[in-house]
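Below you'll find the structure, written out as structure tokens, and then a few comments.
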Amino acid sequence: MQHRNSSMFNQGWQKLSEQTKQDANLDSRLVCVQEAVRFRYEQTDDPGHDWLHVMRVLKSCKQIGALVGADMQILASSALLHDLINVPKNSPKRSEASTAAAKASEDILRNAGYDDIEVQRIQRVIIEHSYSLGYPPSSIESAVLQDADRLDALGAIGIFRAATCGCRLGAAYYHLDDPFASDRVLDDQQYTVDHFFTKLLDLGKQMNTAPAQAIAEHRVSFLRDFLTELRLEIVETAFGDFPN
């Protein structure tokens, strides 16, 4: 059965493919990687880690990478492959996802014509992008992919993704009696709004590159505006300051 969003994905794929083919800095091997992974991402039922997510991350990688002198072939290939294996957020094996994705990428890269050193570099970037593992970036390409992937958790798209993730976990939007955790422990497995305070609002401080820091500052501000509006809509009396 054809995926219900197939036409949307096809349009996005065609646009990205044409753009990539015209980019003199990226050779035909990258197009081979795109063609190999596109169908895998199209079949996912997780819109937070689908082909649209990959395209957004790739776009951010290109924008940031160009400003910080990254190897665009290594960076773009890593972006396309970084979520090749997606493990649910509540799985005990979640931290193994990036390592599994790196392993799964090897045959794709070799079939596309990448040499041993390039494959190893790309695999290292894929592994290090993982938020769960918490590895510091060992290269500028790793730094940029970390930033690009985490930027996608912020701003308007970040709100979409937080809500989607919460629904997939079976979480309520917020705690009825204490929405902003004034007198309880934050628990983003149970309440989606808690995820803003346990992770999202702090992501801006974790960006590796100056361009990403500037983008993150704007997107975190957007999240705070959203939370302010949410408070107005669901809380009749103030519960005190938001958690820091």
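Search the stretch 159-185 for residues being part of a loop (DSSP other than H, G, I, E, B), within 26 Å of the chain's Cα centre (by Cα) and among the hydroxyl-bearing types (S, T, Y), and hand back the single one that is nearest to R231 (Cα to Cα).
So, considering only residues that are part of a loop (DSSP other than H, G, I, E, B), within 26 Å of the chain's Cα centre (by Cα) and among the hydroxyl-bearing types (S, T, Y), the one nearest to R231 (Cα to Cα) is Y174.
Please give the number of the condition Y114 fails out of (1) in contact (Cβ under 8 Å) with a residue 60 or more places away in the chain; (2) aromatic (F, W, Y); (3) under 23 Å from I64 (Cα atoms).
Answer for Y114: the failing condition is (3).
Let's see how each residue does on (1) closer than 30 Å to Q213 by Cβ; (2) under 16 Å from the mean Cα position of the chain (by Cα); (3) at pLDDT 85 or above; (4) surrounded by 15 or more Cβ atoms within 10 Å (Cβ to Cβ):
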residue	(1), (2), (3), (4)
Q43	no, no, no, no
V57	yes, yes, yes, yes
L67	yes, no, yes, no
S78	yes, yes, yes, yes
A104	no, no, yes, yes
G113	no, no, yes, no
Q120	yes, no, yes, no
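For the structure I just gave you, tell me whether I126 is surrounded by fewer than 24 Cβ atoms within 10 Å (Cβ to Cβ) and of a type outside the set (D, E). Can you show your working first?
Numbers: surrounded by fewer than 24 Cβ atoms within 10 Å (Cβ to Cβ): no; of a type outside the set (D, E): yes.
When the stated conditions are applied, I126 does not pass them.
In the set A216, A143, which member is closer than 24 Å to D50 by Cβ, modelled with pLDDT of 95 or more and either in a loop (DSSP other than H, G, I, E, B) or not assigned by TED's automatic domain parsing to the domain that holds L52 (or both)?
Values: A143 fails: closer than 24 Å to D50 by Cβ.
The unique qualifying residue is A216.
Can you name the residue in the stretch 24-71 that is free of Cβ contacts under 8 Å to residues at least 40 places away in the same chain, part of a helix (DSSP H, G or I) and of a type in the set (A, V, I, L, M) and is also farthest from L151 (Cα to Cα) among such residues?
Step by step, filter the stretch 24-71, then rank; the result is V31.
Does any residue in the stretch 171-182 that is outside the structural domain of V193 (by TED's automatic domain parsing) and loosely packed, with under 13 Cβ neighbours inside 10 Å come within less than 9 Å, Cβ to Cβ, of a residue that is at pLDDT below 95 and of a type in the set (D, E, K, R) six or more places away or on a different chain, and which pairs are these?
So the pair list comes out empty.
The values are calculated or read from the model by the stated rules, or taken from the named source; none is laboratory data. Just so we're clear, the structure is a prediction, and the values are computed from it rather than from any experiment. Here Cβ is always computed from backbone atoms with ideal geometry, including for glycine, and neighbour counts include all displayed protein chains.
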